[in-house]
Amino acid sequence: MIRFCLCLCLAVVTGQATNAQQSVRTHKAEDREPLRYLLYTPQAEPQPADGFPLVLFLHGGGEGGNDIRKVTRHGPPKLIEQGKQFPFIVVSPQNPSETQFWDDQQIIRLLDELESELPVDKSRVYLTGLSRGGYGAWRTAIQNPDRFAALVPISGGGAVPYAKKLIDVPTWVFHGAKDPVIPIVESQRMVDALREAGCNIKFTIYPEAKHDAWTAAYDNPELYKWMLDQKLAVSTSSTHGKAPRDQPTAKTEEAVSITTDFPGGNAIVEKIEGNVVTLKPDLRGGRDWFYWSIECQVNSSRKLRFVLPEKKYASNIGMQGPAISSDGGQTWDWLGAASVDGSAFECAFEANRPLRLSVTIPYMQSNLDRLLDDQQSNKHLTVTELAETREGRLVELLQIGQPGAGRIPVLTTARHHACETMASYLLEGFLQAAMSDTEAGRTFRNRYVLFSVPIVDKDGVHNGDQGKNRNPHDHNRDYIDDPLGGQPLYPEVTAIMKLREAKGIRIAVDFHCPTLWMDYHQVIYFVGPKDVPVHNHANVTQLAGGIKAEFPETAPRGCLVMLKSKRTPGHFSDYFSRGKNTMMATTLEFPYASPGREMTPNACVGYGQMLLRAWNMAEYR
């Protein structure tokens, strides 16, 4: 029998050891940064016939980066450093980023590699993590429930609408009752959802603990006994041994009418069987994304079930369910997370009363027209024609305030990706406040003159395109100023590029929405260049601090600064960062529908007004 000590020797040869028990190894992938990890192997001989159990540990936010020793500050790696012996393999990767959340796809690739190279009992793989790693553990398990025999998230939180995916995964949650960093409600929501779904779940609350609930949790020998008692059931069924959900199959004479023939409409209806509608986004040649928007009507009152494609790493339904409008798209709200069941949702209809349903709350040309009509007599606002799109639509350039000595020219834009609607409501609030006669508006106009392009991809917004990663590239990859790299495809991008010198733009902020579902995309954050211009990181950090101070508890969480030194040629923020007198260039990512947060159009416009007050707090250099 091959003894496991040979594997341990190999690990030490291919990496560096932190002590006699943990070695440093590296997982490499072509499309990712290398992922370094600590490997602990049990001192058991002979090797069990089925291999060793494996515990995968995800550290918190303070241990990311490139110093692998930081991983031993907490959790199982710390205990191992102190001499603790475990009867299982422990793998502790280090997040290459100090600011970004865990990449669950990379975690699964690492697990695939470990299971192929080490004697792992695949039926006894356990996932745990603390703080940011707690979020990573929730997300990775939700995306891959068939890979883990047990889940132990500590001081974290997850995506409540998708908690049901863990119904077959035994879970033990830990949290401190007085946690000021990640409130205990983040764990409580997940626990409640899982209990309601009938999951085997344990929840330990430490009454006096703050954020550090992990020291007591990992010191508890009962945790490891419980963990090792769990074993993944062997099943070849994607439903993990349960019967699939019953769906109506009988033909019916009752009519269901669906159309996308309106501005922003998008969907492919694959079939309608009884009260079940199967549809998918119309990608129109772009990469797989999630945008869809329909109008539906029935001839008799009843509830319909809408089924969208299952996606392993994302979803076609947001955290607060789909958006719904009963007045032809004039007003919108969220249908609610309770309407969602995995990749499907249900909605009640009254006879002959059409409802519009969309993956997000739309922001169309009609919304911008209403704003401009309401402000047509505002002396602080000037509207001119910036460009004409390839389909002949006018792209507006707004100017708020007047240039003058000492006033800094600012440019804001939104909808480089047509589907990213919620960022438009945030920008609308910012524009309203900037042109207002409030103290905040006057303060802003005394220091700045604002230029804004509220809808960049006019054609995509009207046509209902996703916009993101359109072939051959989208608007936010079109800022091409290299003579050898070709010319921009879109006339509106060419016109925006000319503003850099023509208006002397010194601050440029592009408003975006991130992905729809990922848990780390439910917060507000900034991306873009870190080192160019020279004070970019410091300036963005000031603005982020103002947002944290100004935004209420009802707003999405944040604000994170996730700038990178690596260039992204062709992007808005990269292009404007290299202006001769640029002070700040960045992209503001605003979530679609953070769970448990107020994300109505009026609320997001209000957050935009608060953003202007946060802006006024900063002293940019």
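The values are calculated or read from the model by the stated rules, or taken from the named source; none is laboratory data. Note that the coordinates shown come from a computational prediction; the quantities given were computed from them, not determined experimentally. Every residue, glycine as well, gets a Cβ built from its backbone with ideal geometry; the counts of neighbours run over all protein chains shown. Heavy atoms of the whole protein, side chains included, go into the accessibility calculation; ligands, DNA and RNA do not. Shrake-Rupley method; radii C 1.70, N 1.55, O 1.52, S 1.80 Å.
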When you look at Val410, is it buried (at least 20 other Cβ atoms within 10 Å of the Cβ), in contact with a helix residue (DSSP H, G or I) (Cβ under 7 Å, 6 or more places away or on another chain) and under 20 Å from His512 (Cβ atoms), yes or no? no
Quick check on the range 198-218: of everything there that is of a type in the set (Gly, Ala, Ser) and within 17 Å of Gly157 (Cβ to Cβ), which residue is most open to solvent (accessible area, probe 1.4 Å)? Ala209
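Condition check ((1) in contact with a helix residue (DSSP H, G or I) (Cβ under 9 Å, 6 or more places away or on another chain); (2) among the hydrophobic types (A, V, I, L, M, F, W, C)) across all residues:
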{"site": "Pro454", "(1), (2)": "yes, no"}
{"site": "Asn471", "(1), (2)": "no, no"}
{"site": "Tyr479", "(1), (2)": "yes, no"}
{"site": "Gly486", "(1), (2)": "no, no"}
{"site": "Ile496", "(1), (2)": "yes, yes"}
{"site": "Pro514", "(1), (2)": "yes, no"}
{"site": "Phe551", "(1), (2)": "yes, yes"}
Please find, among Gly75, Gly134, the residue that is modelled with pLDDT of 90 or more, of a type in the set (Gly, Ala, Ser) and in contact with an Asp or Glu (Cβ under 9 Å, 6 or more places away or on another chain). Gly134
Check on Pro221, open to solvent by less than 70 Å² (accessible area, probe 1.4 Å) and modelled with pLDDT of 90 or more: no
All positions within the range 173-184 that are open to solvent by 30 Å² or more (accessible area, probe 1.4 Å) and either polar (S, T, N, Q) or touching a residue at least 40 places away in the same chain (Cβ under 8 Å) (or both): Val181
Could you tell me whether the range 503-522 includes any residue that is over 27 Å from Asn469 (Cβ atoms) and without any contact (Cβ under 8 Å) to a residue 24 or more places away in the chain? no
The range 526-621: helices (runs of 4 or more DSSP H) wholly inside it with 3 or more residues that are out of contact with any Leu (no Cβ under 7 Å at 6 or more places or on another chain), in contact (Cβ under 8 Å) with a residue 60 or more places away in the chain and open to solvent by less than 10 Å² (accessible area, probe 1.4 Å) are 536-550, 572-577
For the range 490-502, does any single residue satisfy the condition of being open to solvent by 30 Å² or more (accessible area, probe 1.4 Å), outside any helix (DSSP H, G or I) and touching a residue at least 12 places away in the same chain (Cβ under 8 Å)? no
Considering only residues that are surrounded by fewer than 18 Cβ atoms within 10 Å (Cβ to Cβ) and within 13 Å of Leu411 (Cα to Cα), which ones fall in the range 503-525? Lys503, Gly504
Looking only at the range 383-403, count how many residues are at pLDDT below 95 and at positive phi. 1
